[in-house]
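Please treat every number below as a calculation from the coordinates, not as lab data. Since we're looking at a predicted model, the values are computed, not measured. Because the Cβ atoms are built from the backbone with ideal geometry, glycine has one as well, and the counts that use them run over all protein chains shown.
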Amino acid sequence: MEKILIVGCKKAMDEVCIGCSRCLVGFNRRDGEFERYENETVELTGLLNCGDCPGATIVTRLAQVNLWNKPMDEKITKIHIGPCITDHCPHKDVIINKIKAKSGVEIIEGTHPYPV
Ligand code: SF4
């Protein structure tokens, strides 16, 4: 089963984008980039922020997620990058490239399709 981690902007998550509800609703409805899981059993395992500008700690934070989930035998299998990063972050290329280089799982750029 796929276990999904959503990575987003620290300045936007649960502040601008209250409750991160657009990503969560998008996931529940299998809208946007979650459409690919329409006929799959898949779990949302976490919502991780970038660690604040300029996203320098993102690799450490990804490692922390894996460590934090280890006692529960949970392992992230896919990472979705939220539109708060893909559409709005000035550091997005560096952040996304670091995640691609270091996470060891498939990276999907995008989550929900709703206006932000
Ligand atoms: S680095 Fe990008 S994603 Fe992170 S807080 Fe700054 S603007 Fe947001």
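What 222 nm value per residue comes from the helices of the chain, counting each DSSP H run with n ≥ 4 as -39,500 (n - 2.57) and dividing by all residues, nearest 500 deg cm²/dmol?
Details: 4 runs with 36 residues, N = 116.
Helices in the chain give a 222 nm mean residue ellipticity of -9000 deg cm²/dmol.
Provide the net charge surrounding Arg30, with neighbours chosen by a C-beta distance below 15 Å and charges set as Lys +1, Arg +1, Asp -1, Glu -1.
Numbers: positive: Arg22, Arg29, Arg36, Lys78; negative: Glu2, Asp31, Glu33, Glu35, Glu38, Glu40, Glu43.
With Lys, Arg at +1 and Asp, Glu at -1, the net is -3.
Cysteines of the chain lacking any other cysteine beta carbon under 4.7 Å?
Cys17, Cys20, Cys23, Cys50, Cys53, Cys89
Taking a spot 7 Å from the Cα of Asn39 along the direction of its beta carbon, which residues of segment 76-109 have an amide N less than 17 Å from it?
none
Segment 9-116: Rg/Rh from Cα coordinates, Kirkwood Rh? Spell out each step's value before the answer.
Working: Rg = 13.4 Å, Rh = 14.3 Å.
For segment 9-116, the value is 0.94.
If you take the charge dipole of the chain about its Cα centre, with +1 on Lys and Arg Cβ and -1 on Asp and Glu Cβ, which of Pro83, Thr45, Ala56 is farthest toward its positive end?
Positive-most Cα among the choices belongs to Ala56.
Given charges of +1 on the Cβ of Lys and Arg and -1 on the Cβ of Asp and Glu, with all other atoms neutral, how large is the dipole of segment 2-109 about its Cα centre, in debye to the nearest 20?
Details: 15 positive and 16 negative charges, 75 e Å.
In total the dipole reaches around 360 debye.
Say each of Ala101 and Val25 gets a label point 7 Å from the Cα, pointing the same way as Cα to Cβ; how far apart are those two points in nm?
Result for the modelled spin labels: 3.7 nm.
Quick one: order Glu106, Glu2 by neighbouring beta-carbon count within 10 Å, fewest to most.
Values: Glu106 11, Glu2 16.
Lowest to highest Cβ neighbour count: Glu106, Glu2.
Among 52-60, 27-35, what's the highest-first ranking by average C-beta atoms within 10 angstrom per residue? Could you put the intermediate results ahead of the total?
Working: 52-60: 15.3, 27-35: 16.9.
Sorting 52-60, 27-35 by mean packing, highest first, produces 27-35, 52-60.
Among Leu47, Leu5, what is the fewest-to-most ranking by other Cβ atoms within 10 Å? Walk me through the numbers before you get to the answer.
Working: Leu47 18, Leu5 22.
Ascending number of Cβ neighbours within 10 Å: Leu47, Leu5.
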